[in-house]
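Some notes on the structure that comes next.
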Amino acid sequence: EVKEVIIEETTYADSAFGVTEEGDGVFFNSRIVQKMGLKGGQTVQAYLVPNFPDKRDSIPWRAMRVEVTHEQENIEVTPTTTLDRIHRLLKGDMSVMWTVTEIAEELEEDEQLVARLLAEDKSVMSTTVYFM
């Protein structure tokens, strides 16, 4: 499917997340982000395929190819909660493991808040590095 997607945010691992007009999440791998120079606020035409089965519940789509259609630097689209942002970051590139400090820095959040949210979240594994 081809859909218009607004890039919400890029991650420390150079992947990105976006949202369709219908509100569905889209994952962009680091290869696409780097090649196309994707940044938050851009609108792209994305060629989408269903995301991997273990990730579809939170991010239904992944981009296979993109064409940049608009640069909209003034638009900032962010997930609604810090925990949602943490989940998106952890699920973005499954090969990356994060410390609390790295997560807090990447999301520009308070480190104590991030540590508390992770400690209370039963879907997150580990006590020193975090992944889903």
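The values are calculated or read from the model by the stated rules, or taken from the named source; none is laboratory data. Predicted model only: the values in this text are computed from it and were never measured. Remember, those area values only see protein heavy atoms, side chains included, never the ligands or the DNA or RNA. Shrake-Rupley method; radii C 1.70, N 1.55, O 1.52, S 1.80 Å.
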For this session: Please work out how much length the chain gains when fully extended from GLN45 to THR69, using 0.36 nm per residue of separation minus the C-alpha to C-alpha distance, in nm with one decimal.
Result: 8.0 nm
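Tell me, what is the percent relative contact order of region 13-71, built from C-alpha pairs under 8 Å that lie six or more residues apart?
Numbers: 101 pairs, mean separation 20.7, N = 59.
Relative contact order comes out at 35 percent.
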Problem set entry | Karplus (6.51, -1.76, 1.60) ³J(HN,Hα), θ = phi - 60°, over region 60-69, in Hz, Gly and Pro reported as x | x, 10, 9, 8, 9, 7, 9, 10, 6, 10
Seminar exercise, completed: Length gained if ASP24 through ARG116 is fully extended, taking 0.36 nm per residue and subtracting the Cα-Cα distance, is 30.3 nm
Problem set entry | Exposure of LYS39 as accessible area (Å², to 10), given a probe of 1.4 Å and all protein chains | 120 Å²
